[in-house]
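The values are calculated or read from the model by the stated rules, or taken from the named source; none is laboratory data. Values in this document were obtained by computation on a predicted structure and should not be read as measured data. Cβ placement follows ideal geometry from the backbone for every residue including glycine, while neighbour counts extend to all protein chains displayed.
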Amino acid sequence: MPVNGKTRADAWALVVEHTDSENLRAHMLAVEAAMSGYAEQFGEDPELWGMVGLLHDFDYEKNQGPNGHPFVGVQILDKLGYPREFRRAILSHADYTGVPRESKMEKALFAVDDLSGFLIGCALVRPSRSFSDLKISSVKKKMKDKAFCAAIDREELKRGAKELGVPFDKHVTSVIAFLEPIEANLGLGTAAAKSA
């Protein structure tokens, strides 16, 4: 079902309009998949949660600085008629906005945001370039390597799982399972391994 009349195609059009980076687009697709997966697991609306994931960073590339992302994006979404809970979730995924995470959707967005990027990094360095053989033990080993995906705060990854109320290992394996079906859209999988 559309969200306040907005469809997934409308959301993707916003991503394309505001984001040129293929890597950033792939990140938003990954967060969409993880959010949809958790929505199904929690008995929530996968379309609503997925669209929040898809649009959470759509303004990031062109709106840096203290009054940029996600404030600009949320203003655009407000004008377009996206619901308050949708906009609030996007604000709450960035601690510096001062919007506390309260709902399950807000907590899920924070929990999957950086983790999805970290897991893509883990898959990219495997010979298979795939999530299909990515195990929790490999992920934990990479977490100890401070040079690997250095910009991602390991403590925030753990805090996300804790806020969501999901044990860390289960959180990681769940997000891997949510991302595996779309790995081709993320530049991963069999085709990626052959071209590498």
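Just checking, does the range 51-69 include any residue being surrounded by fewer than 21 Cβ atoms within 10 Å (Cβ to Cβ) and not in a loop (DSSP other than H, G, I, E, B)? So far as the range 51-69 goes, no, none of its residues is surrounded by fewer than 21 Cβ atoms within 10 Å (Cβ to Cβ) and not in a loop (DSSP other than H, G, I, E, B). Look through the range 80-112, keep the residues that are modelled with pLDDT of 95 or more and among the charged types (D, E, K, R), and return whichever of them is surrounded by the fewest Cβ atoms within 10 Å (Cβ to Cβ). Result: GLU102. Might you let me know whether the range 157-176 holds any residue that is under 24 Å from ASN23 (Cβ atoms) and among the charged types (D, E, K, R)? No, the conditions are met nowhere in the range 157-176. The combined condition, being basic (Lys, Arg), at pLDDT 95 or above and crowded, with 17+ Cβ neighbours inside 10 Å, is not fulfilled by LYS141. When we screen SER128, SER174 for residues that are in contact (Cβ under 8 Å) with a residue 24 or more places away in the chain, outside any helix (DSSP H, G or I) and either over 19 Å from ARG25 (Cα atoms) or of a type in the set (Val, Ile, Thr) (or both), the only hit is SER128.
Of the numbered criteria (1) within 30 Å of PRO66 (Cα to Cα); (2) surrounded by 13 or more Cβ atoms within 10 Å (Cβ to Cβ), the one ALA150 fails is (2). Checking ASP78 against (1) of a type in the set (Asp, Glu); (2) under 14 Å from the mean Cα position of the chain (by Cα); (3) not in a loop (DSSP other than H, G, I, E, B), which single condition isn't satisfied? If we test ASP78 against (1) of a type in the set (Asp, Glu); (2) under 14 Å from the mean Cα position of the chain (by Cα); (3) not in a loop (DSSP other than H, G, I, E, B), just (2) comes out false. In the range 60-75, the residues that are on the phi < 0 side of the Ramachandran plot and among the aromatic types (Phe, Trp, Tyr) form Cβ pairs under 7 Å with partners that are modelled with pLDDT of 90 or more and surrounded by 17 or more Cβ atoms within 10 Å (Cβ to Cβ), at six or more places apart or across chains, as follows: TYR60/HIS69. For the range 3-24, residues that are more than 17 Å from the chain's Cα centre (by Cα), of a type in the set (Gly, Ala, Ser) and assigned to a helix (DSSP H, G or I) total 2. Residues in the range 16-47 that are within 17 Å of HIS93 (Cβ to Cβ) and touching a Ser or Thr at 6+ places or on another chain (Cβ under 6 Å): 3 in all. CYS149 meets each of the listed conditions (1) over 16 Å from the mean Cα position of the chain (by Cα); (2) modelled with pLDDT of 95 or more; (3) at positive phi apart from (1).
Residues LEU115, LEU134, LEU157, LEU119: which one is assigned to a loop (DSSP other than H, G, I, E, B), touching a helix residue (DSSP H, G or I) at 6+ places or on another chain (Cβ under 8 Å) and buried (at least 17 other Cβ atoms within 10 Å of the Cβ)? Spell out the reasoning first.
Working: LEU115 fails: assigned to a loop (DSSP other than H, G, I, E, B); LEU157 fails: assigned to a loop (DSSP other than H, G, I, E, B); LEU119 fails: assigned to a loop (DSSP other than H, G, I, E, B).
Answer to the check: LEU134.
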